[in-house]
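These notes are about the structure you will find just below.
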């Protein structure tokens, strides 16, 4: 059996019906908010629910319940991750691979990335034509790639920027942009001062782009490998607007 792990409802809503198997949606945005350090998994769910200002029961229904479907996968099953190379997708992916490892799931794991270049309408980073044709060939992860991801998740959740800076890794077939992801994370969450996302939002507003849809487009065009959602960017936008209005 195939388990198709999808990063968000946009892809789920337009996923080809002729591709059989269990569809599992990652309804989280771990690029935003606390990652819990060494908290237990139950405590992690709680801090994420608190961050999103929802009840733990609602959070578990929307986010945790779909993830737990992964734990039913058997050794003979295949897990296919439909994620992007951007940091938003990658941190979610690293967390899920950590959970799979912790629950001793032995299924084969394949990564399926969108084509590098495409035009036209997209659904969750995937071109419509790609989804319709569904001629996909996953890259199956090797043991050393999974070990690398476990290290990355550990460093990120503990905000160990120095550890990330000193980590010696190479891009791999399963994670072809991992070095870029690490550098983006370090720049996004520096040990001191403002990160690149906040600085870019403030720069755009200083240039007179104070209409949020226009600003978000300019931000996304500048950071195609970040994948940050509009809610996250709006947080920086609102903070800067409040600072201007309170002068």
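Scoring residue 219 on the criteria (1) assigned by TED's automatic domain parsing to the domain that holds residue 125; (2) not in a loop (DSSP other than H, G, I, E, B) leaves a single failure, condition (1).
The requirement of being in a helix (DSSP H, G or I) and either surrounded by 17 or more Cβ atoms within 10 Å (Cβ to Cβ) or without any contact (Cβ under 8 Å) to a residue 40 or more places away in the chain (or both) is not satisfied by residue 15. Taking the stated definitions as given, is residue 190 touching a residue at least 60 places away in the same chain (Cβ under 8 Å), surrounded by fewer than 15 Cβ atoms within 10 Å (Cβ to Cβ) and assigned to a loop (DSSP other than H, G, I, E, B)? Against the criterion (touching a residue at least 60 places away in the same chain (Cβ under 8 Å), surrounded by fewer than 15 Cβ atoms within 10 Å (Cβ to Cβ) and assigned to a loop (DSSP other than H, G, I, E, B)), residue 190 does not qualify. Scanning segment 162-185 for residues that are crowded, with 18+ Cβ neighbours inside 10 Å and farther than 24 Å from residue 115 by Cβ returns 164, 185.
Do we have residue 94 as buried (at least 19 other Cβ atoms within 10 Å of the Cβ) and either in contact with a helix residue (DSSP H, G or I) (Cβ under 7 Å, 6 or more places away or on another chain) or closer than 28 Å to residue 235 by Cα (or both) here? Can you show your working first?
Details: buried (at least 19 other Cβ atoms within 10 Å of the Cβ): yes; either in contact with a helix residue (DSSP H, G or I) (Cβ under 7 Å, 6 or more places away or on another chain) or closer than 28 Å to residue 235 by Cα (or both): yes.
In short, yes.
The values are calculated or read from the model by the stated rules, or taken from the named source; none is laboratory data. Every value quoted in this text rests on a predicted model; they were computed, and no experiment measured them. Because the Cβ atoms are built from the backbone with ideal geometry, glycine has one as well, and the counts that use them run over all protein chains shown.
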